[in-house]
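Enquirer: I'd like to ask some things about the structure below.
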Amino acid sequence: DGETIVSAGGSFELGFFSPGNSKNRYVGIWYQKISNHSVVWVANREVPLEDSSGILNLTRGGILVLVNGTDSIIWSSNTSRSVKNPVAQLLDSGNLVVKDADAAENFLWQSFDYPCDTLLPGMKFGRDTSTGLDRYLWSWKSMDDPARGDFTYRIDPYGYPQYFIRRDSVEQFRSGPWNGLRFSGMPNLYSNPIYKLNFVLNQREMYFTYELLNSSVVLRMMLNQNGVLQRLTWMDGANNWATYLPIQMANCDTYAFCGVYSMCNASSSPCYCLRGFLPKNATDWSMGDSSSGCVRKTPLNCHNGEGFLKYSGVKLPDTRDSWFNKSMTLEECKIQCLKNCSCMAYANLYISAGGSGCLLWLGELIDIREFTENTQDLYIRMAASESDSTIPQVLDEDGSIWKKRKWIIIISVVSTGTIMLGLGLTLYVWKKKRQQNREGRMAHHFKQGHHNESQNEDLQLSYFDFTTIVNATDNFSINNKLGQGGFGPVYKGTLEDGQGIAVKRLSKNSRQGVDEFKNEVIYIAKLQHRNLVKLLGYCIQGEEKMLIYEYMPNNSLNTFIFDQSRSMLLDWSKRFHIINGIARGLLYLHQDSRLRIIHRDLKAGNVLLDYEMNPKISDFGMARSFGVGETEANTERVVGTYGYMSPE
């Protein structure tokens, strides 16, 4: 404390400081040439030093370590590799790096990967999808406390990526998607003679960055403690920071201020429904609360002459539920949208060079606002009677055709709705009774099997009393929960004789049920192989249905191969051993067992590992048996983990 390091060009300085009126000490980086020494990065923002005894060291392994007067570690950097001759250097970009002295750009660690509240030129602001590194801004608590405050500004990778300012977990502001020139919701932020913007999106990375074109300008982006994103420029004459084009300027910049299918206009009464839509709650709207949004006047009828209404000069809707293609034309994009009944709107992905690419919205449209400059076009799907191509034919001069059609639509919708509701209720009651009868028969069958010696011998299974399972799992304690699958939660348990077990408990909300439960019991009970998980027994009591397996202490294969640190434990010999074991298990299922079994849900999450890392194929709820000589069969329903296909 008391010593500093200055970058080669003298732009930035690293040292100890006390923010505002605080007496706590922090290690930080600030502008060296600016009189008020504005801080852009803090190392120990969560754990301050209480005095000036702090020392920042670089270890032989290339790790920065901050210690206090008693040599207790307050903060440290991290690295996954080591070098023979590590050095720490403050670059003139404001980036503090640790590297090998003999390798100029091969950084072991850099402060740019761990931003605080400030985005400097040259920073990557987003995600490295290959490593999971997420670079985002987090506001200070106050001018006197650099600890993490209430607000974050972060990329959202779902659908077509965009950035959100959130207060805790609540969305406050959305940037809109990148359109090749700028973000749709930030028309004032675009490349100019002062800086150049860029957004990178590929299989490895998704990030925003900006580059200064005029070295005499000092500029930064900052998320302040009130959650306002600012672009600040240093004014030498005034000796202070000036806001260069504020990001959030009006109520319309507040996320979803007007609700779904509505538009926000900052220059008038802010919210109004899109053409062809009505307020969902007219009373709320009349009182100035439009958050409930709008609903269609005419419901969509997919593939029945639907068209689109064009809106120019808008901020594009939330893209978290979207699909995109970088090479399609706008006409191809329209056709693609019409083919998909879930598609509610489309637009060009990029507006540069006359427009290119395709962006589809596959859910409700929310957070749309009007702009008067640097705008973009949006095409919203409408019923045939509401689209651009048919609207002139809908209304007579006196409106009579519309009135007639209106009553026809109302009567048709009400009649159809009543019929569908009746059929739906009938079907629901029938299926519920059928399921209850089937579950009753199933429970009766297994309970009989427990007492029927010949049946029990065939299944080679034990029936576990419910009380035994409750005692073994400590009443299904959360501390004994191993995970959650499509079947339901899985708990670790210990029987009275000390044997470890894993208990799969069918969840009441599970989309798997009696068929899968029965499948698992019948198939695994008849299959015996060292690379298949062993089913010890089952338990049925009332609505409770459970399967009891041998306990696998190393969990599932996916917890190793998809975890960066644990994957290091799997050298090639272990991986080869696991691959061979899975192959042997499959060969047994397909050729050598008395039942020919196709698993149909094989993935890393369904391969368990024992004490010696031997693989065991598990979860036969979706399995299908083949007859002798059969090589193919037709399935009667979709199977697998609902809504998910494992990448491998």
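The values are calculated or read from the model by the stated rules, or taken from the named source; none is laboratory data. What you see is a predicted model, and the numbers here were worked out from it, not measured in a lab. Cβ atoms come from the backbone with ideal geometry, glycine included; neighbour counts cover every protein chain shown.
Enquirer: Scan the range 257-273 for residues that are surrounded by fewer than 19 Cβ atoms within 10 Å (Cβ to Cβ) and under 17 Å from residue 363 (Cα atoms) and jot them down.
Expert: none
Enquirer: When residues of the range 528-543 are filtered for being exposed (fewer than 14 other Cβ atoms within 10 Å of the Cβ) and farther than 24 Å from residue 592 by Cα, how many remain?
Expert: Number satisfying all stated conditions: 2.
Results for (1) hydroxyl-bearing (Ser, Thr, Tyr); (2) within 26 Å of residue 487 (Cβ to Cβ); (3) assigned to a helix (DSSP H, G or I); (4) under 33 Å from the mean Cα position of the chain (by Cα), shown as yes or no for each residue.
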position: 576; (1), (2), (3), (4): no, no, yes, yes
position: 582; (1), (2), (3), (4): no, yes, yes, yes
position: 585; (1), (2), (3), (4): no, yes, yes, no
position: 588; (1), (2), (3), (4): yes, yes, yes, no
position: 605; (1), (2), (3), (4): no, yes, yes, yes
position: 622; (1), (2), (3), (4): no, yes, no, yes
position: 625; (1), (2), (3), (4): yes, yes, no, no
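Enquirer: From the list 93, 53, 76, exactly one residue is within 36 Å of the chain's Cα centre (by Cα) and more than 20 Å from residue 123 (Cβ to Cβ). Which is it? Don't jump to the end; show me each part of the working.
Expert: Values: 93 fails: more than 20 Å from residue 123 (Cβ to Cβ); 53 fails: within 36 Å of the chain's Cα centre (by Cα).
The conditions single out 76.
Enquirer: For a quick check of your reading: which strands (runs of 3 or more DSSP E) sit entirely within the range 248-349 and have at least 1 residues that are among the aliphatic types (A, V, I, L, M) and in contact (Cβ under 8 Å) with a residue 40 or more places away in the chain?
Expert: Working: elements: 262-264, 271-273, 277-279, 294-296, 307-315, 322-325, 345-347.
It comes to 262-264, 307-315.
Enquirer: Now a separate question. Please specify each residue of the range 180-202 satisfying the condition of being farther than 30 Å from residue 150 by Cβ and at pLDDT 90 or above.
Expert: Taking the range 180-202 and keeping what is farther than 30 Å from residue 150 by Cβ, we get 180-181, 191-194, 196, 202.
Scanning the range 180-202 gives 180, 181, 196, 202.
Enquirer: Checking the condition outside any loop (DSSP other than H, G, I, E, B) and within 25 Å of the chain's Cα centre (by Cα), which residue from 211, 171 passes? Before you say what the answer is, go through the steps one by one.
Expert: Values: 211 fails: within 25 Å of the chain's Cα centre (by Cα).
When all the criteria are applied, what remains is 171.
Enquirer: Can I ask one more? Give me the helices (runs of 4 or more DSSP H) completely within the range 451-537, filtered to those with at least 1 residues that are at pLDDT below 85, ordered by residue number. If you could, list the steps in order and put the result at the bottom.
Expert: Numbers: elements: 453-459, 466-472, 514-526.
So the answer is 453-459, 514-526.
To keep it simple, each residue is scored yes or no on (1) among the charged types (D, E, K, R); (2) surrounded by 15 or more Cβ atoms within 10 Å (Cβ to Cβ).
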| site | (1), (2) |
| --- | --- |
| 11 | no, yes |
| 39 | no, yes |
| 56 | no, yes |
| 61 | no, no |
| 68 | no, yes |
| 81 | yes, no |
| 99 | yes, yes |
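Enquirer: Keeping to the range 123-160, report how many residues are more than 27 Å from residue 564 (Cα to Cα) and either part of a loop (DSSP other than H, G, I, E, B) or not polar (S, T, N, Q) (or both). Full working, then the answer.
Expert: At the first step, the residues of the range 123-160 found to be more than 27 Å from residue 564 (Cα to Cα) are 139-147, 149-151.
Right, trim to either part of a loop (DSSP other than H, G, I, E, B) or not polar (S, T, N, Q) (or both) and you get 140-141, 143-147, 149-151.
Residues in the range 123-160 being more than 27 Å from residue 564 (Cα to Cα) and either part of a loop (DSSP other than H, G, I, E, B) or not polar (S, T, N, Q) (or both): 10 in total.
Enquirer: If you scan the range 304-331, which residues turn out to be among the β-branched types (Val, Ile, Thr) and within 18 Å of residue 186 (Cβ to Cβ)? Let's see the steps before the verdict.
Expert: From the range 304-331, those among the β-branched types (Val, Ile, Thr) are 314, 319, 329; that's our starting set.
Within the range 304-331, 314, 319 meet the criteria.
Enquirer: Given the options 608, 570, name the one that is among the hydrophobic types (A, V, I, L, M, F, W, C), modelled with pLDDT of 85 or more and farther than 18 Å from residue 625 by Cα.
Expert: On the way: 570 fails: modelled with pLDDT of 85 or more.
None of the other options fit; the residue is 608.
Listed here are the residues, each with its yes/no results for (1) within 27 Å of residue 518 (Cα to Cα); (2) in the same structural domain as residue 470 (by TED's automatic domain parsing); (3) touching a Lys or Arg at 6+ places or on another chain (Cβ under 8 Å); (4) charged (D, E, K, R).
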{"site": "542", "(1), (2), (3), (4)": "yes, yes, no, no"}
{"site": "546", "(1), (2), (3), (4)": "yes, yes, yes, no"}
{"site": "549", "(1), (2), (3), (4)": "yes, yes, yes, no"}
{"site": "556", "(1), (2), (3), (4)": "yes, yes, no, no"}
{"site": "559", "(1), (2), (3), (4)": "no, yes, yes, no"}
{"site": "562", "(1), (2), (3), (4)": "no, yes, no, no"}
{"site": "578", "(1), (2), (3), (4)": "no, yes, no, no"}
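Enquirer: Check whether at least one residue in the range 626-643 is modelled with pLDDT of 75 or more and β-branched (Val, Ile, Thr), and report yes or no.
Expert: Of the range 626-643, the ones modelled with pLDDT of 75 or more are none.
No; the residues of the range 626-643 include none that is modelled with pLDDT of 75 or more and β-branched (Val, Ile, Thr).
Enquirer: Can you name every residue in the range 587-601 that is of a type in the set (Lys, Arg), over 18 Å from residue 615 (Cα atoms) and surrounded by fewer than 17 Cβ atoms within 10 Å (Cβ to Cβ)? Lay out the reasoning, then the answer.
Expert: Step one: filter the range 587-601 for residues of a type in the set (Lys, Arg), giving 594, 596, 600.
Adding the requirement that they be over 18 Å from residue 615 (Cα atoms) leaves 594, 596.
Correct list: 594 only.
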